[in-house]
1. Just reorder C507, C144 by solvent-accessible area, largest first, 1.4 Å probe, all chains present.
2. Around A225, what is the net charge, scoring Lys/Arg as +1 and Asp/Glu as -1 over all other residues with Cβ under 12 Å from its Cβ?
3. Could you tell me how far the Cα centroid of the stretch 48-119 sits from the Cα centroid of the stretch 258-273, in Å?
4. Using the per-residue mean of other Cβ atoms lying within 10 Å as a proxy for protection, in what order, highest first, do the peptides 485-498, 441-454 fall?
5. Beta carbons within 10 angstrom, averaged per residue: use that to sort the peptides 401-407, 41-47, highest first.
6. Counting other Cβ atoms within 10 Å, keep those with at most 15, restrict to DSSP loop, and tell me which trypsin sites (Lys or Arg not before Pro) in the stretch 327-394 are left.
7. Under 14 Å Cα to Cα from K71, which aspartates and glutamates show up? Leave out anything in the same chain fewer than 8 places away.
8. What does the charge add up to near A402, with Lys and Arg as +1, Asp and Glu as -1, over the other residues with Cβ less than 11 Å from its Cβ?
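The values are calculated or read from the model by the stated rules, or taken from the named source; none is laboratory data. This structure is a prediction, so every number in the text was calculated from the model and none was measured. Cβ coordinates were reconstructed from backbone atoms using ideal geometry, including for glycine residues, and neighbour counts include every protein chain displayed. The accessibility values were calculated without ligands, DNA or RNA, using every heavy atom of the protein model including side chains. Shrake-Rupley method; radii C 1.70, N 1.55, O 1.52, S 1.80 Å.
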Amino acid sequence: MEGVVSVFPNMNLKLQTTTSWDFMGLKEGKRTKRNPTMESDTIIGVIDGGITPESESFSDKGFGPPPKKWKGVCSGGENFACNNKLVGARDYTKRGARDYDGHGTHTASTAAGNVVPDISFFGLGNGTVRGGVPASRIAAYKVCNYLCTSAAVLAAFDDAIADGVDLITISIGGDKASEYERDPIAIGAFHAMAKGILTVNSAGNNGPKAGVVSCVAPWILTVAASTTNRGFVTKVVLGDGKTLVGKSVNTFDLKGKKYPLVYGKSAGISACEEESAKECKTGCLDPSLVKGKIVLCRQSEDFDINEVLSNGAVAAILVNPKKDYASVSPLPLSALSQDEFESLVSYINSTKFPQATVLRSEAIFNQTSPKVASFSSRGPNTIAVDLLKPDITAPGVEILAAYSPDSTPTESEFDTRHVKFSVMSGTSMSCPHVAGVAAYVKTFNPKWSPSMIHSAIMTTAWPMNATGTDFASTEFAYGAGHVDPIAATNPGLVYEMDKADHIDFLCGLNYTADTLKLISGETIT
């Protein structure tokens, strides 16, 4: 029909999941130079899984009316109210703009949430939670209800551009890069760029394999995820007094009481193969051998913590040599390194009544340089092979930010906790950090184009070092380096690229006029 620009499959995309601002040099309060008038005039569009309007992170106490340029609406559905901080909301899922899984609330508060003091996750990581530009406004566009469709993403871009946002942050993507004309984020971001709006997107969570970065358009700022100087560790104390140190975000307290230890291999039912029992696979554990004990499991890709919980285990100890970050657990749990796990297996095999306890997690601070997380998707760029992607890295590991109390901190059916702030990891968490930096840069340079802000952030990055020997752990992991918010406000040199430059780039990829129209929406020779 006339008026149809393009038809392509409506794919399902996925959501990509404090001290981080201090770590990057953007200190709290008067210790950081700010431009409050411009910051208050900045609107960040968050395309995600909705938002929790009642969160303290989005309270409008102290805020004046929205900027005059704002043309959006508040159509969040039933029992959903916007305010002078959360200036607009739209829903593309038929469930209202409320966030039911925590992801959208977390990303929005990381980019531009208010300064909220004395926040912790059950006592862990206690401190002030804030976004990069706390005085900025937020507009939420809910495109995900666990999965996010191409159609919803494109509609949200259209609306965000028309509503008058200054910047778009979208922590969503596919498992791998798509051709630009079939990539809804690339198409939406192209139209945003043409209207002077920068789009910041997550690189994806399919690392550490090479060539899996999902966002590869040059008009998008693509963000990898790296560590900060804070991490959460969980200690395991054995019956003989030896202490092993693993990773998890464990808020449960066994009060030092020691429980019998059992290895999944010894607690499996006869119908299960030994390897499956070692990994505590679904249906493999014998409840009579597990109940009231601490279970050891070798963690596989499809490991399900519910198998351990449903059989009555008191706690779990896992081995995951690839995992370099801590996750929230629904029971006392610690994930050990390969060496620590093997020493634990030896202790069980050589002791008549092996026992242990799992302690509450604690935060540790270190002075080591940030490292790119193992999950962060690596380049090279598979669509335009001579363009570096990702562009930059930022904190995306164990980030504490606002959360939806309608959800639980883990996906376990046994987790009954409901929290207003939680800890998450992913390029979904690093993306809004860079969106916050981009907004901060824009407050000092309001007339800068998307590419000027993009280049300022890349050229002022902290240098990073490769964490491994393979090429995927070099610039293909972290791009130009680690974002530096203060330096990015005054880079000395910026690069200007407009719509015509990007069209030239696409012509250089041998795009035809017909294909170009699918991206730009207009006839180009």
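1. Largest accessible area first, the residues go C507, C144.
2. Working: positive: K371, R378; negative: D324, E398.
Surrounding charge for A225 is 0.
3. Value for the Cα centre distance between the two parts: 47 Å.
4. 441-454, 485-498
5. Ranked from most to least packed, the peptides come out as 41-47, 401-407.
6. Details: sites: K352, R360, K371, R378; in loops: K352, R360, K371, R378.
Sites meeting the loop and neighbour criteria: K352.
7. Within the straight-line limit of under 14 Å, K71 reaches these aspartates and glutamates: D41, D158, D159, D163, D166.
8. Values: positive: R130, K420; negative: E54, E56, D99.
Net local charge, A402 excluded: -1.
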